[in-house]
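To start, the structure itself, in structure tokens.
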Amino acid sequence: MTESDQTLFSGVSHSRTADEVVQQIELLILDGVLRDGDRLPGERELAQSLEVSRPILRDALKELETRGLLISHHGGGTFVADIIGQVFSKPITDLISRHARATRDYLEYRRELEGLTAELAAQRATDTDKALLSRIIEDMRNAHGTQEPEDELAADVEFHNAVGEAAHNIILLHTMRACYRLLSEGIFFNRKAVFSLPNAREQLLDQHVAIHDAILAGDPEAAKAAAQAHIDFVMRAADESARAGEWGRVAKLRLIRRDGGRGNRATGNSKTETKA
């Protein structure tokens, strides 16, 4: 067991019932401390940390599996279930991804949520939250300086997740994580294409820094404005990226048509000369 696992789980009360173990693990999932895909420590180590017998622990884990919060792989351990993905079901995400106008609706929805989340974060962020946000901003700057767009994209999602955590509202936290999941999977638009637009990377970095600075300053109004200005920029960039992609597609079709037309004309001329 790692040192972090030892501090993550604490001994339950003297009654040491399975219900108390269930409640402790549930709260860790609810508060976003345990995320989907996280692996729990082994049975022996976890029972020691919780100060319960292994039969009690097994009963608790079985109940959490029944509730759909944990999933066990035979011989492979116990993991937090993918509860975030269920906020937006696969049929609805598939439906949304087939209709371009959903991109703007998604970003419009995110604009309001991002503004509220940043506003709350500026009011509620702890010193630990602020330190994490500063660390992520430093990662962004490093990735930007070394021209590593994949690292920038990863830090982008991590930053927004950290702002969501700093807001200390569990409904917002899980809703925003669901949004970022869809964003990371490219359901709505190609984030790489947005990053590739001229000066977009520089502007995006500046926007994240502005959100960070407002939260650290404890300025809710500035934090909300900075977060919404960031989404406004992403909306414009997404539109521009889609438009440029469509222009590129049409240009290629025209080139193919011209090249094909030239070949047809050449063939026609050859036949005419043969007849003559």
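Read the figures in this text as sums done on the coordinates, not as results from a lab. Since this is a predicted model, take the numbers as computed values, not measurements. Reconstructed Cβ throughout: ideal geometry from the backbone, glycine too, with neighbour counts over all protein chains shown.
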Of 137, 97, 121, which is farthest on the positive side of the dipole of the range 90-254, counting Cα position, with +1 on Lys and Arg Cβ, -1 on Asp and Glu Cβ, and the Cα centre as origin?
97
Residue-span extension gain [residue 44 to residue 23] - 0.36 nm each, minus C-alpha spacing
5.6 nm
What ranking do 37-45, 55-63 get when scored by the average of other Cβ atoms within 10 Å per residue, highest first?
55-63, 37-45
Once you put a point 7 Å from the Cα of residue 131 and another 7 Å from the Cα of residue 253, both along the Cβ direction, what distance in nm separates them?
5.6
Considering only the other residues whose Cβ falls under 14 Å of the Cβ of residue 220, what net charge follows from Lys and Arg at +1 and Asp and Glu at -1?
-3
So residue 104 and residue 90, fully extended at 0.36 nm per residue minus their Cα-Cα distance, gain in nm 3.1 nm
Using amide H atoms built 1.01 Å from N in the peptide plane, name the residues 5+ places from residue 70, or on other chains, whose amide H lies under 5 Å from its own.
65, 81
